[in-house]
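The values are calculated or read from the model by the stated rules, or taken from the named source; none is laboratory data. These numbers were taken from a predicted model, which means no experiment stands behind them. Cβ coordinates were reconstructed from backbone atoms using ideal geometry, including for glycine residues, and neighbour counts include every protein chain displayed. In case anyone asks, the SASA skips ligands and DNA or RNA and just uses the protein heavy atoms, side chains included. Shrake-Rupley method; radii C 1.70, N 1.55, O 1.52, S 1.80 Å.
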Amino acid sequence: MEKSIMEVKSEAFAERIIKLHDYLCKNKQERTISSQIYRSGTSIGANIAESRYAQSDLDFINKLSIALKEANETCYWLNCLEKGSFIERRGFLSMQKDATELIKILTSAIKTKKKNMAMTANKQQ
């Protein structure tokens with residue numbers, strides 16, 4: 001089965017998060033926020049992967065909603081890292097752009113699934 005754009009982008013983002021975590025630990029001796037962003041940034045893709053085999057439409061929405069929350073949390077931690085001068089502005093903006101793109105894709109997928117569910121429910125009535 002071919003990977004969706006969500007899966008491809010979330011995997012690429014997770015790779016960047018892992019590299020950021022390594023950089024923060026090795027070069028900045030920063031472990032607290034780096035652990036938080038590692039968890040939230042890699043969880044996005046994990047929840048998207050889980051959604052592929054969701055047990056129902058509601059389960060699918062739930063998995064993507066969790067991924068959306070994790071993406072939002074990752075933006076928060078990126079902001080903290082930039083404000084604390086742990087990462088440069090250019091790197092922050094690049095990663096923030098990727099996270100924001102994932103948020104938009106996830107939001108759209110959730111809205112589309114809800115719309116399709118509503119249309120199906122209306123047809124059955």
Residue ID - surrounded by the most Cβ atoms within 10 Å (Cβ to Cβ), chosen from residues in the range 82-109 that are under 14 Å from S40 (Cα atoms) and in contact with a Leu (Cβ under 8 Å, 6 or more places away or on another chain): A99
Those helices (runs of 4 or more DSSP H) lying entirely in the range 27-125 with at least 1 residues touching a His at 6+ places or on another chain (Cβ under 8 Å): 32-51
Residue ID - nearest to the chain's Cα centre (by Cα), chosen from residues in the range 38-68 that are open to solvent by 30 Å² or more (accessible area, probe 1.4 Å) and under 19 Å from R16 (Cβ atoms): L68
